[in-house]
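To start, the structure itself, in structure tokens.
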Amino acid sequence: MKKTCVSLLFLVRLVWILAACQTPLASNPAPDGYMRVSDDGVRYMTWTVNDDKTISVTWSFLVPINGKLTPFTGTLTGHQDGEKITVTTDPLGKKITSNGTIKDGVMVLNAVDPKTGAINKVTYTGVTTEEFNQALIEFKKKYPPAQQG
């Protein structure tokens, strides 16, 4: 009888522990887009994935040009397959493609430096639209109102 009670108690604890392990962890929602903030600007990409895994990208950025903050918005194309991503832009008729990965809310693109030809890893962090808008506000604080466009 004593052995049965100990076994039953062990079984109850085991079931309780296993049930606790099955509790789903809070997951982070998918970001609205990916942002990169540097001394020379704030960049933000968001996209939709089509059935054939091609992506239509909207790219927004704010950079200083001749001392004045200038906003830009453009479109890019690409391909996303799981964690792998390719983004292509076509400035002045010359296609530039960057390959990279998306993992754990971070996108890393291998981008060619136009001045040196070197390949640099460029990191974008997954953010909400609100976080991007806040980053724009913070970036603008570095410039006097007359330079904010």
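Coordinate-derived values only; no laboratory data. From a predicted model like this one, the values you see are computed outputs, not experimental measurements. So basically every Cβ, Gly included, is an ideal-geometry build from the backbone, and we count neighbours across all protein chains shown.
Kindly list the residues of segment 106-127 that lie in the label zone of Glu83, defined by a backbone N under 17 Å from the point 7 Å along the Cα-to-C-beta vector.
So the set is 106-110, 122-126.
Quick one: of Lys95/Lys140; Lys53/Lys103; Lys94/Lys141; Lys95/Lys115; Lys68/Lys141, which pairs are farther than 24 Å apart, Cα to Cα?
Lys95/Lys140; Lys94/Lys141
Any idea how far apart Asn133 and Asp40 come out in nm if each label point goes 7 Å out from Cα toward Cβ?
2.9 nm
Counting other beta carbons within 10 Å of each residue's own, what order do Arg43, Arg36 fall into, fewest first?
In increasing order of surrounding Cβ atoms, one gets Arg36, Arg43.
Looking at segment 114-149, which trypsin sites (Lys or Arg not before Pro) are in a loop (DSSP not H, G, I, E or B) and have at most 12 other Cβ atoms within 10 Å?
Loop-located and lightly packed - Lys115, Lys141, Lys142.
Work out, step by step, the length gained on full extension between Asp104 and Lys121: first 0.36 nm times the residue separation, then minus their alpha carbon distance; give nm to one decimal.
Working it through step by step, the gained length comes to 4.5 nm.
Return the Rg/Rh value of segment 33-147, two decimal places, where both radii are evaluated on C-alpha atoms and Rh is the Kirkwood radius.
0.98
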